[in-house]
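Here is the structure we will look at, set down as structure tokens.
Every read-out reported here was derived from the displayed coordinates using simple, explicitly stated rules and does not represent laboratory data. The structure presented is a predicted model; accordingly, all values stated were derived computationally and were not measured. Neighbour counts run over all protein chains shown; Cβ positions are idealised from the backbone, glycine included.
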Amino acid sequence: MLRVEHLTAGYYGSTVLDEVSLSSGEGITLVIGPNGAGKSTLVRSIVGSLRPVYGEVRFEDRPIQTLPAEAIADLGIATVPERARLFGDLRVIDNVRIGSRLAKRRGEKVDFDADLREVCDLFPDLQAKLNDPARSLSGGQQQMVSIARALVAHPKFLVMDEPTTGLHPVLVKELIVKIEHVARDLPILLTEQNVLQTVPIASHVHLIEAGRVVLSGTPGEILANDRVRRVYLGERGETAPAAPTEAG
Ligand SMILES: Nc1ncnc2c1ncn2[C@@H]1O[C@H](COP(=O)(O)OP(=O)(O)OP(=O)(O)O)[C@@H](O)[C@H]1O
Ligand SMILES: [Mg+2]
């Protein structure tokens, strides 16, 4: 459904993503990688907030990398950006409604009340907060609003950039279950650093390091990979350095 081919992108003439190719279809396509690997740069290049210097992003077989962000949203690609970007002074309900406007602009018949009920079923915490200004919510609750806003846009494809960042471990667990639930009906490209918890819910996984895809595979292949186990899961391999001895 979405293909990224030889995507090269960066900032002010410096290259961050170097010929990244991957595709994303049914279920969850997971992109993992350390801080600064280029995950958000990839997301920005897909959703049109950064113009790549080379390569293609194809959605439903059509190149979209030169389209402005609004036109990409109009094709049905919704985003949950890194750190929920809400309008802090607007009420929660009005932030969610922005997603609904996108669906309407695409000519979809929208029943906002029904959509709102659905996202409140998914995130029950939001129900009591609907009339509060978004800035008064906790980071995790704002993240839920950001996801709700994306879902009421009735997207065909959802791009989420590290949605679990900064959340309490219990909330992380709950959110991952919810993302898995949403992915039953909606293909998702998800970036995460939370390898242990997100790899098992993915259909396919790509590891990005320093702007390059260095490993791709099924969850089983990724979790069995020596390097992933050592570097990302903190397991000690046979090559792990011996415990330091006291200097004399
Ligand atoms: N707006 C920007 N201007 C200049 N350089 C940037 C900008 N955004 C990111 N970079 C640089 O691009 C590289 C990749 O950053 P990116 O935000 O894509 O990484 P990331 O994988 O999303 O990291 P994190 O897990 O910390 O969110 C980093 O070296 C970063 O300094
Ligand atoms: Mg990032």
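Once the chain from residue 111 to residue 62 is taken as fully extended at 0.36 nm per residue, the excess over their C-alpha distance is 14.7 nm. The range 1-136 gives an Rg/Rh value of 1.01, both radii derived from C-alpha positions and Rh following Kirkwood.
The smallest convex shape that holds all Cα atoms of the range 153-244, its convex hull, gives 137 Å³ per residue. Here the extension length gained between residue 19 and residue 122 equals 33.4 nm, from 0.36 nm per residue of separation less the Cα-Cα distance. Take the Cα of residue 197, step 7 Å toward its Cβ, do the same at residue 82, and the gap between the two points is 1.9 nm.
Among 217, 234, 140, which one moves the most in a GNM of the chain with springs linking Cα atoms closer than 10 Å? In this elastic network of the chain, the residue with the biggest mean-square fluctuation among 217, 234, 140 is 234. Ranked for footprinting exposure by Cβ neighbours inside 10 Å, fewest first, 14, 45, 136 give 14, 136, 45. Using the Karplus relation 6.51 cos²θ - 1.76 cosθ + 1.60 with θ = phi - 60°, the per-residue 3J(HN,Hα) values for the range 202-216 come to 8, 7, 8, 10, 10, 9, 10, 9, 6, x, 10, 6, 9, 7, 9 Hz, with x marking Gly and Pro. Taking a Cβ cut-off of under 13 Å around residue 122, the surrounding Lys, Arg, Asp and Glu residues balance to a net charge of -3, with basic ones at +1 and acidic ones at -1. Between the range 61-128 and the range 25-40, the C-alpha centres lie 21 angstrom from each other. Under 5 Å between amide hydrogens, built in the peptide plane, is the criterion, and for residue 215 it picks out 207 among residues at least 5 positions away or on other chains.
Pairs of lysine residues in the chain that meet both criteria, 8 or more places apart or on different chains and Cα atoms under 20 Å apart, total 4. Its residue count N fixes a reference of 2.2 N^0.38 Å for the chain, and the Cα radius of gyration divided by that reference is 1.07. Looking only at 56, 192, 70, which one moves most when the chain is put into a Gaussian network model with springs between Cα atoms under 10 Å? Result for the chain, Cα springs under 10 Å: 70 fluctuates most.
Taking every pair of alpha-carbon atoms in the range 84-155, give the share separated by more than 13 Å as a whole percent. Tail fraction, whole percent: 58.
Converting phi to 3J(HN,Hα) with the Karplus coefficients 6.51, -1.76 and 1.60 and the offset θ = phi - 60°, the range 68-81 yields x, 3, 5, 5, 5, 4, 5, 6, x, 9, 9, 10, 10, x Hz in sequence order, with x at every glycine or proline.
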